[in-house]
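Encoded as structure tokens, the structure appears first; notes follow it.
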Amino acid sequence: MDLGEGLRKAIAIITRSTIIDAKTIREFNKELQKTLLSADVGVRLVLDLTKRIEEKALKSKPPQGVAPTDYITSVVYDELVALMGASYEPLLKKHRILLMGLYGAGKTTTAAKLAKYYQDRGLSSAVVCCDVQRPAAFEQLETLAKQANVTFFGIKGEKDAAKIAKLGLERLKDKQVIIWDTSGRNALDRDLIDELKAVSKEAKPDEAILVISADTGQIAGKQAEEFDKVIKISGVIVTKMDGSGRGGGALSAAAASKARVMFITVGEKLPDIEPYSSEKFIGGLLGIPDIAGLVGSVQRALEESKLNPDDMQLEDLNFETFYLQLKTMGGMGPLKNVFGMMGAVDLPKEVVERGEEKLNKYKVIISSMTKEERLNEKLLHNPERVRRIAKGSGTTEKEVHELISDFNKMRKMFDLMKNDRGFKKRFAKFM
């Protein structure tokens, strides 16, 4: 059971109760403790949290007009948000960033993601490779910088990280955001400490950020404290939040150590980084829809696909416009994340995976159609055309017919929505 599923199961104890008494609260707290401990949240933090919830639930009264279940659910939400730390507002002005961290934290990928994040918001960005330990670091960061469309600087074969940091600052002085990627180690040893201090002296960063993997769990707090003794850290970036069940432990531990969580990464693609919002994080776990995130995801997907939003309106649905919609959905990331933003977090894993597989297959099939076939579905009533499309797409005729059947069902639904003036107006406003 993941953290979100466990939290929703615990909350259900309250929302399904007709009477909220001490027994109900104890039952809820027991489930909540089990869930948080399994997510590697520290024992002391969990006990303090459940104690505060019990006190507020049993000793305070709901505001007038608010149902007890809603009030206690709100108390739980607020306490979980506080446990996971304050939200972060990025600094959107000229500044320098030094990234630090141990092996496997994901510093290099994070450097490129962060540079793209600032570049996409109008700040010219660059990355500097000061990782002189890992053999492939130079090539990896250079490739990622090219993909992110940001400037790269490094000196291949150079072993003096401080020298690279100094030259990078000189060469990139016209850039508004400069990010230094540094070497890692298995532990914070004397060599790493000396190297980081030397790089920091030359780079003169405005922010020193520690990169921590979500799967470190509550050790994240200890790492933050140790690095902070070497170089005063501005905060942390928690990576791999999409694939670790211990992310809650990492976030809560960082917050407990007074380390500000600045960004989290939620996928492997370069755009999969976002400023940390404890409200959004807890809301996602509890199944609260993130409409702002969904709209932003659609807009980014449209921009990356170079699609015109007007092409996505409810006018004529054919295979051409259907293909554009499939491309946009593909740019929004895994279906699991999309459904999560919609608040549909409890869909069976196999359903989501089958849906993703089917959508990818449909894109390939439509790609094998001619322009005329995309615009006129009736042409596909010809068995020869279906046979040719199946062969060209590496699928079966049965799968092509499944696409046609699903498409026709969708077109009927769209025709109904087109005739609903109220819905069309709301849809246009949403897009």
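Scan region 173-186 and give yes if some residue there is over 16 Å from residue 94 (Cβ atoms) and part of a helix (DSSP H, G or I), otherwise no.
Within region 173-186 (the criterion being over 16 Å from residue 94 (Cβ atoms) and part of a helix (DSSP H, G or I)), the answer is no, since none of the residues qualifies.
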Kindly check whether there is at least one residue in region 240-261 that is more than 23 Å from residue 38 (Cα to Cα) and of a type in the set (A, V, I, L, M). no
Scanning region 224-241 for residues that are in a strand (DSSP E or B) and surrounded by 23 or more Cβ atoms within 10 Å (Cβ to Cβ) gives 236, 237, 238, 239
Just the residues that are charged (D, E, K, R), in a loop (DSSP other than H, G, I, E, B) and either at pLDDT 65 or above or over 13 Å from the mean Cα position of the chain (by Cα) (or both), please, taken from region 265-305. 268, 269, 272
Can you confirm whether residue 208 is among the aliphatic types (A, V, I, L, M), part of a helix (DSSP H, G or I), outside the structural domain of residue 45 (by TED's automatic domain parsing) and surrounded by 17 or more Cβ atoms within 10 Å (Cβ to Cβ)? no
Kindly indicate whether residue 96 is charged (D, E, K, R), touching a residue at least 12 places away in the same chain (Cβ under 8 Å) and out of contact with any strand residue (DSSP E or B) (no Cβ under 9 Å at 6 or more places or on another chain). no
Would you please list the contacts, defined by Cβ atoms under 8 Å and residues six or more apart or on different chains, that run from a residue in region 380-391 that is over 18 Å from residue 408 (Cα atoms) to a residue that is in a helix (DSSP H, G or I)? 387/397; 390/365; 390/397; 390/399; 390/400
Being within 30 Å of residue 252 (Cβ to Cβ), modelled with pLDDT of 95 or more and not aromatic (Phe, Trp, Tyr) is the requirement here; does residue 150 meet it? no
Would you check if there is a residue in region 106-123 being in the same structural domain as residue 168 (by TED's automatic domain parsing), within 25 Å of residue 227 (Cα to Cα), in contact (Cβ under 8 Å) with a residue 24 or more places away in the chain and in a loop (DSSP other than H, G, I, E, B)? yes
Lone unmet requirement of (1) surrounded by fewer than 20 Cβ atoms within 10 Å (Cβ to Cβ); (2) part of a helix (DSSP H, G or I) for residue 155: (2)
Could you run through region 206-222 and say how many residues are out of contact with any strand residue (DSSP E or B) (no Cβ under 6 Å at 6 or more places or on another chain) and over 16 Å from residue 281 (Cβ atoms)? 6
Identity of the residue in region 49-86, within 25 Å of the chain's Cα centre (by Cα) and acidic (Asp, Glu), that ends up surrounded by the most Cβ atoms within 10 Å (Cβ to Cβ): 79
Could you check region 242-264 and list, in sequence order, the residues that are buried (at least 24 other Cβ atoms within 10 Å of the Cβ) and under 11 Å from the mean Cα position of the chain (by Cα)? 264
Tally the residues that are under 18 Å from residue 117 (Cβ atoms) and not aliphatic (A, V, I, L, M), restricting the search to region 144-189. 9
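Among the candidates 132, 150, which residue alone is among the β-branched types (Val, Ile, Thr) and more than 25 Å from residue 91 (Cα to Cα)?
132
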Flag for residue 144 being in a helix (DSSP H, G or I) and in contact (Cβ under 8 Å) with a residue 60 or more places away in the chain: yes
Could you tell me whether region 20-32 includes any residue that is within 25 Å of residue 222 (Cβ to Cβ), part of a helix (DSSP H, G or I), at pLDDT 90 or above and not assigned by TED's automatic domain parsing to the domain that holds residue 245? yes
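The values are calculated or read from the model by the stated rules, or taken from the named source; none is laboratory data. Since the model is a prediction, treat every value here as computed from it, not as a measurement. Quick reminder, even Gly has a Cβ in these numbers, built from the backbone with ideal geometry, and neighbours come from all protein chains shown.
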